[in-house]
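Starting off with a structure, shown below.
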Amino acid sequence: MNSPLKHGCQLPVQGKPHPMADYQAIGQSELEQLFGKKFQYQKPRGNDSWQLPPPDQALFGEFYQYEALQGLREQLNAVKSRLNDYGVQEWSAHTNRRDPSGEVSWRLKNETKAEFVTVAWCKFFECLHRYPLVKGPVVNTLHLCEAPGAFIASLNHYLHSTYAEEEIKWRWRSTTLNPYYEGNALNEMITDDRFIFHTLDNWLFHKDLTGNLLDVANIDHLAKRCKEDFQDQVDLVTADGSIDCAAQPDCQEEIVVRLFFAEVLSALKILSAGGSFLVKMFTLFEACSVSLLYMLNCVFEQVHIFKPATSKRGNSEVYVICLNYQKDTAAGLPRLLEELQAKLAQPNDTMVMPLFARSQIPTDFLMQHEIACRLYMKLQSDAIEGSIYAYESKDRHYLRHLHHLRGLVSSTYYSRYKVKPLADSLCIVDKEATSKALGFSVPVYGGSYTERENLKHGDLLKQIYCLRREFNQLEKCPSGKASYSYTSNRTSPLELRVSRGAEVQSLQSSMFASEPILLLRLRIRDTFDLDPVWQTAPECQLENKILNYQPPSGEESYHSAQRHFFVELLENIRDLQPQSIVFQRFTFLTHYAASLLLFLMETLYQDSSFESNPTHSLTLSKPKTTDGKELSQVLELLKDEQAGAIHSLLDIKELQKNQFSNALIQHNNGVLLTCFRGMLGEEAFPCPWPRQSPRWPS
């Protein structure tokens, strides 16, 4: 058997630089290490080749672990635990400054003017150049868990840098947790839609509109759409998904494993024979990951593990790159996919049970896998220890060395991967649209892991103290004008375009308020077990009649509560024909509510004004002359949801990134901040600590 390190990298140098060291030599050594973090499984040949278990052997039938790999996990967690007392923001800033590849993305953005550059863009560009993921200019690709879309922009740059424009015949589709679906949790998805918004026709959010790949019905729907759109020819599938593990950093692999299975199942169902698959994974110590990697080795000709130079050295991420899918020749593959899908269909299953029995994993595979795990564990441990040393020692000599190393890394990246500018006409989206700021951000203190854990178990007053400090940061941000209005420039009637999906059971996110404010709303809700959205006592006044917007009762969903209110509102508008409608302390946080508001503004009333007074009112006045057909049509739609819950009455492009959405975001922000002030103010909870108290209560 060939050495599994045949194409691997050498063991890393120590992470602790010495002030008197030869930094020039260290720079070259680090450079080679940064660009050489790769590993390839070496398959035995002939009758000993790795194969899927025969059909008569059960899958998911035995739980076990590998002691050697668990020992590596403990070693790595011991190193990672040394970070527990560092503040998350301070540590992140330190590692960003110390990142030797930090100049690469800066140069791509500012010198090369590449489209939608992120760290993910840089990493995928490396993967495309290091491995034959794309075999020619005619290619169909599918991108899983793709938000915000950097892999797509990177692939576009690669194709136009490698082939002539007239040769390229590229079609792509993507899926991700839908940022426009308010039932998706804010901390589980990427809400940056600057690229998505302009390429919506290429994004598949499935029948339920969630974009949730953990639902097997969505995987089936995705496979069906790809078959229709690509005529059953998909050459490359990428999967860059992850789940926030900040609360349990020592359990990242177990938390994300269910998503890995969903990504792998989707890829193996959709990918064509001979195709390539790239999936981001993390530590590979758990038996469930071992069996997953073995399965990939059985159904692909080659499997590599690669950590790009632009991937942060101190994190656990690696890219598993699978080449030449043996779809038609891998014995037992259809049965395995059925079993995988059946397992994933059990919603409460954590998927930590290994796919194969221990006896089904060959010893030579385990030996190679352990070498790979040791290699990447050592790389990560040395990087963390080196960062700790640099943080504590403030070594000025190393700062000069780092400046030199950054230049070397960016020059090597540019020369090795033949980076060149791309004409604006070849970009997928107008660069101005994708370079716009996401909105205001606030320097909210995140604290260290230890402090956050202590706070979790602290008393209510301590938690309120921290929430109030976060609120104070939000209040310092510009609040905008005291009053503003929406003026319609429409030349044609508003066209209804109904989208349906799963009901929003609980409001978890919104594109109609700023993200820092929404995050604080979730933290307040979890602390008080009260949702600030309803604490404003929202109401709507139709001249002499007042309609109260009531929160969901019992098992009622958020969607059902808003549906009841808006049906009642439209029925009263039809019957009373009021001269004006005044919404007070009312938030329009869903596309459902926003689309109905825009319908009222465009179809039934001429004037509208937002007032940032204590009641945060929104007034619609001067009724338009209509025959009532539009109102009756909308009422009928709201009452009949047999075809599925209505997500929006209008096209998303009518509701986002325009004057209407800007006014609505400002209005909703104001209502929520006023509510936070009432819930967290001194009147409600006097501060029990002196003003000069330390950063965190003891």
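Among the listed pairs Lys207/Lys545; Lys135/Lys653; Lys224/Lys653; Lys37/Lys80, which are separated by more than 31 Å between their Cα atoms?
With Cα atoms farther than 31 Å apart: Lys207/Lys545; Lys135/Lys653.
From zero outward in steps of 10 Å, how is the percent of C-alpha pairs of the chain spread across the bins?
2, 13, 21, 24, 20, 12, 5, 1, 0
Follow-up question, since we're still on this one. How far, in degrees from 0 to 90, does helix 88-98 lean away from the longest principal axis of the Cα atoms of the chain, to the nearest 10?
Taking Cα atoms only, the helix is inclined about 50 degrees.
Let me ask something additional. Step through the residues of the stretch 293-306 one at a time and calculate ³J(HN,Hα) from phi using the Karplus curve (6.51 cos²θ - 1.76 cosθ + 1.60, θ = phi - 60°), rounding each to whole Hz and writing x for Gly and Pro.
Values, residue by residue: 5, 5, 4, 4, 5, 6, 10, 10, 5, 9, 10, 10, 10, 9 Hz.
Name the long-range amide H neighbours of Gln302: under 5 Å, sequence gap of 5 or more, or other chain; modelled H, no Pro or chain starts.
Amide H to amide H, under 5 Å and 5 or more residues apart or across chains, Gln302 pairs with Leu323.
Right, here's the next one. Beyond 22 Å between alpha-carbons counts as too far, so tell me which of Lys312/Lys378; Lys227/Lys280; Lys113/Lys436; Lys624/Lys657 fall in that bin.
Beyond 22 Å between Cα atoms: Lys227/Lys280; Lys624/Lys657.
Pop out the ³J(HN,Hα) list for the stretch 59-65 in order, Karplus 6.51 cos²θ - 1.76 cosθ + 1.60 with θ = phi - 60°, rounded to Hz; leave Gly and Pro as x.
Whole-Hz 3J(HN,Hα) from phi for the stretch 59-65: 9, 6, x, 8, 9, 7, 9.
For a quick check: with amide H placed at 1.01 Å from N, whose amide H comes under 5 Å from Val139's, ignoring anything fewer than 5 positions away on the same chain?
Excluding prolines and chain starts, which carry no amide H, the hits are Lys169, Trp170, Arg171.
By how many degrees, 0 to 90 and rounded to 10, does the Cα axis of helix 629-639 deviate from the longest principal axis of the chain?
It is inclined by approximately 50 degrees.
So if I place +1 on the C-beta of Lys and Arg and -1 on the C-beta of Asp and Glu, and nothing else carries charge, what would the dipole magnitude of the chain be about its Cα centre? I want it in debye, nearest 20.
Magnitude of the dipole: close to 2060 debye.
What would the Debye formula give as log10 I(q)/I(0) at q = 0.13 Å⁻¹ for the alpha-carbon point model of the stretch 483-677, no solvent?
So the normalised log intensities are -0.67.
Based on DSSP H runs of at least 4 residues, each adding -39500 (n - 2.57), what is the mean residue ellipticity at 222 nm of the chain after dividing by all its residues, to the nearest 500 deg cm²/dmol?
-13500 deg cm²/dmol
List the aspartates and glutamates whose Cα sits under 19 Å from the Cα of Lys109, skipping any in the same chain fewer than 8 residues away.
Within the straight-line cut-off, Lys109 pairs with Asp99, Glu126, Asp192, Asp193, Asp424, Asp430, Glu432.
Using modelled amide H (1.01 Å from N, peptide plane; none on Pro or chain starts), what sits under 5 Å from the amide H of Arg500, excluding residues fewer than 5 places away?
So Arg500 has HN proximity to His647.
Going toward the positive end of the dipole of the chain, with +1 on Lys and Arg Cβ and -1 on Asp and Glu Cβ, which of Leu375, Phe277, Cys466 do you reach last?
Checking the options against the dipole of the chain, the answer is Leu375.
Shifting gears a bit: Short version: ³J(HN,Hα) in whole Hz for each residue of the stretch 525-532, in order, from phi by Karplus 6.51 cos²θ - 1.76 cosθ + 1.60 (θ = phi - 60°), x for Gly and Pro, what are they?
Coupling constants for the stretch 525-532: 4, 5, 6, 8, 6, 9, 8, x Hz.
Provide the descending list of Cα extents for the stretch 137-270 along its principal axes, expressed in whole angstroms.
49, 28, 27
At what distance in nm do the modelled label points of Glu503 and Arg107 sit from each other, each positioned 7 Å from its Cα along Cα→Cβ?
Taking the two extended label points, one gets 5.6 nm.
The numbers here are math on the coordinates, done by the rules we state, and not lab data. This structure is a prediction, so every number in the text was calculated from the model and none was measured. Heads up, the Cβs are rebuilt from the backbone with ideal geometry, glycines too, and the neighbour counts pull from every protein chain shown.
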